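Participant: My questions all concern the structure below.
Bear in mind these aren't lab numbers, they're just calculated from the coordinates by the rules spelled out. All of these numbers come straight from a predicted model, not from anything done at the bench. Heads up, the Cβs are rebuilt from the backbone with ideal geometry, glycines too, and the neighbour counts pull from every protein chain shown.
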Amino acid sequence: MTQDTSSDGFVYLVGAGPGDPSYITLRAVQCLQRADVVLYDYLVNPHILQHVSAGVDCVCMGRHGQSPENQNSGDARKLWKQDEINVECIRLARQGMHVVRLKGGDPAIFGRAAEEAAALEAAEIGYEIVPGITAALAAGTCVGIPLTHRDKASAVAFITGHERDGKSEFSLDYKALAQFPGTLVFYMGVTTSRHWTQALLEHGMPADTPVAIVRKISCPEQITVKCTLKEVADQFEGEHRLRPPAIVILGDVVGDNELNSWFEQRPLFGQRILVTRAVDQADSFAQKLSQLGAEVILQPAIEIRPPQEYESLDQAIQSIADVNWIVFSSGNGVRFFLNRLVDQGYDARHLAQAKLAAIGPGTAAALKEFNLKADLLPEVYRAESMVEAMRPYVANQTVLLIRASRGREVLHKGLREAGANVQQIVVYQSLDVKQCSPSTMEAIEQGIDWVTFTSSAIARSAISLLGDYLRDVKSVSISPITSETMCELGLPPTVEAEQHDLDGMIQAILDYQNL
Ligand code: SAH
């Protein structure tokens, strides 16, 4: 194997893990960041493609018997054969590209990594194989079934329920498997379950061997069904049958006790939550929701852009020595203002004589990112309270309001009435998003449980963008002002955050779910 040290093309055979986008190795992320093109299997969670640079082609290889639903480029109907995939990898690498061939789970467990590597070897293309968490391991941990156990299983076997065409159906040694001293895990065994369970029974495996079937492991739709060997095939037949992808774990490790799937017991498991914040802000919010088990659908209702001109901002920065108070009413305001200040060759000392006011904890946290401390934070995070909090200090003082291209006038008016000399500077634009991406639209059409509104402007834009889909959806509002807007628009919030920030919104959803 040659190393990836030159500008020659190179292929990374990468394991994407079982589904959850965070169950992926650091090396896999590095490869994706480096990729010029990605060829991915249908089982790969498309969210993992977030690590790929903008503009890089990501092609779904599809799968026989499955619609290539994740395909986002090329011929949507194409189902690639293994030979075609090998040829394509080689063709792209020969063009000097870094190709990531992304496979579900581990590339070498029922993943044909060896065949692809052999083809690359024969074509003298350099390659690297990056391991991934295979479905069986993730099932064991996400469901809380240890695949090995000191008293119950000293060995574990991974078995395919779907042997290659041309091999006789039962070329597996079922006699040996029926007597295997440990845990059996069947991959790809859904459509063939009648055959392989029968074969195990015929070779003497007890009909009441405990079984766990895990579908969509580590995904928001994960489901675990417990039964016995003789009942497995029934689970995969009939109207309410379990569908692929699923694996089947057999053996004493499954145990008699109730399954304790921490993954499925997380408080927001199964909830589909639409987050409407601007993309660069949504990350940590979305991450917290996902960690609580929710499936997060991102559709920013507002786009944040740099201001149309910097002249007035630059002027304000230059003459900041005359300012007594700088008032920030959003984290974005902080970032745009301070990044510009740094770009202009200054640092935090330039603000030394001014006092800083932040409207809420999120804004104060943004100041902290620049090692600045808010001197004033109103008790209630809204403009009216800010005016009250500042009133004792601002008579005859110069106050600079850092703001978006639109917003309420409460601060401006209130502080002027309190005797301040108020200047306003627009440091970023806030624009309504007019169209949803097709993949978000598809996710929304499949149904959502919650929608989150983090400001009045976002509520307005999201309701005009998606109003019809939101009528029967539970909603959470960040504050009374946002709730008022939502009521005006005919969509009163189901719950309102007691603490008017993102953590408060999450808490409000949790409280509602626990009712
Ligand atoms: N290389 C993959 C396996 C590919 S074979 C790995 O290491 O996991 C495809 C089979 O893997 C599916 O039929 C199913 O049995 C299993 N599988 C993969 N991902 C799964 C998931 N998220 N949930 C349940 N089973 C999964």
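Participant: Ordered by packing density, taken as the mean number of other Cβ atoms within 10 Å over each peptide's residues, highest first, how do 440-452, 144-156 rank?
Facilitator: The densest-packed peptide leads the list: 440-452, 144-156.
Participant: Give me the compactness ratio for the chain, meaning the Cα radius of gyration over 2.2 N^0.38 Å.
Facilitator: Its radius of gyration relative to the 2.2 N^0.38 Å reference: 1.20.
Participant: Please give the FRET efficiency for Val87 paired with His162, using the beta carbon to beta carbon distance and R0 = 25 Å, rounded to the nearest 0.05.
Facilitator: 0.55
Participant: Take the Cα atoms of the stretch 10-133, find their three principal axes, and give me the spread along each one in whole Å, biggest first.
Facilitator: 34, 32, 31
Participant: So, one more: What is the fewest-to-most order of Cys142, Cys60, Cys436 by other Cβ atoms lying within 10 Å of their Cβ?
Facilitator: Final ranking by Cβ density, sparse to dense: Cys436, Cys142, Cys60.
Participant: Relative contact order of the stretch 10-133: what whole-number percent is it, with Cα pairs under 8 angstrom and at least 6 residues apart?
Facilitator: Relative contact order here is 41 percent.
Participant: Sticking with this one: Within the chain, what percent of beta bridges assigned by DSSP are antiparallel, to the nearest 5?
Facilitator: Bridges in the chain that DSSP calls antiparallel: roughly 30 percent.
Participant: Can you work out the base-10 log of I(q)/I(0) for the stretch 137-264 at q = 0.09 1/Å, using the Debye formula on its C-alpha atoms alone?
Facilitator: Log10 of I(q)/I(0), two decimals: -0.23.
Participant: Can you give me the Kirkwood hydrodynamic radius for the stretch 305-431, using every pair of distinct Cα atoms, in Å to one decimal?
Facilitator: With all distinct Cα pairs of the stretch 305-431 included, I get 14.3 Å.
Participant: Now for a separate question. Would you please give the FRET efficiency between Ala352 and Glu484, computed as 1/(1 + (r/R0)^6) with r the Cβ-Cβ distance and R0 = 60 Å, to the nearest 0.05?
Facilitator: The calculated FRET efficiency here is 0.95.
Participant: Let me ask something else. Using only alpha carbons, build the gyration tensor for the stretch 232-350 and give me the equivalent ellipsoid semi-axes, biggest first, whole Å.
Facilitator: They are 54, 16, 11 Å, listed from largest to smallest.
Participant: If the only charges are +1 at each Lys and Arg Cβ and -1 at each Asp and Glu Cβ, what is the size of the charge dipole of the chain around the Cα centre, to the nearest 20 debye?
Facilitator: Its charge dipole is roughly 480 debye.
Participant: Here's something else I'd like to know. Treating only the Cβ atoms of Lys and Arg (+1) and Asp and Glu (-1) as charged, compute the dipole magnitude of the stretch 305-431 about its Cα centre; round to the nearest 20 debye.
Facilitator: Rounded to the nearest 20 debye, it is 240 debye.
Participant: Debye sum, Cα scatterers, the stretch 106-161, no solvent: what log₁₀ I/I(0) at q = 0.13, 0.25, 0.26 1/Å?
Facilitator: -0.48, -1.02, -1.06
Participant: Out of all DSSP beta bridges in the stretch 305-431, what portion is antiparallel? Express it as a percent rounded to 5.
Facilitator: 5
Participant: Oh, and also: Express the relative contact order of the chain as a whole percentage, based on alpha carbon pairs under 8 Å and six or more residues apart in sequence.
Facilitator: Computed value for the chain: 10 percent relative contact order.
Participant: Can you flag which of Lys373/Lys474; Lys78/Lys226; Lys78/Lys216 are past 29 Å Cα-Cα?
Facilitator: Exceeds cut-off: Lys373/Lys474; Lys78/Lys226.
Participant: Which order do peptides 174-180, 78-84, 383-389, 213-219 fall in by mean Cβ count within 10 Å, highest first?
Facilitator: Ranking, from highest mean packing down: 213-219, 383-389, 174-180, 78-84.
Participant: How would you rank 13-25, 98-110, highest first, on the average number of other Cβ atoms within 10 Å across their residues?
Facilitator: Taking the mean over residues of other Cβ atoms within 10 Å, the ranking is 98-110, 13-25.
Participant: Also, quick follow-up: What is the extension gain from Gln95 to Ile223, computed as 0.36 nm multiplied by their sequence separation minus the C-alpha to C-alpha distance, in nm to one decimal?
Facilitator: 41.8 nm
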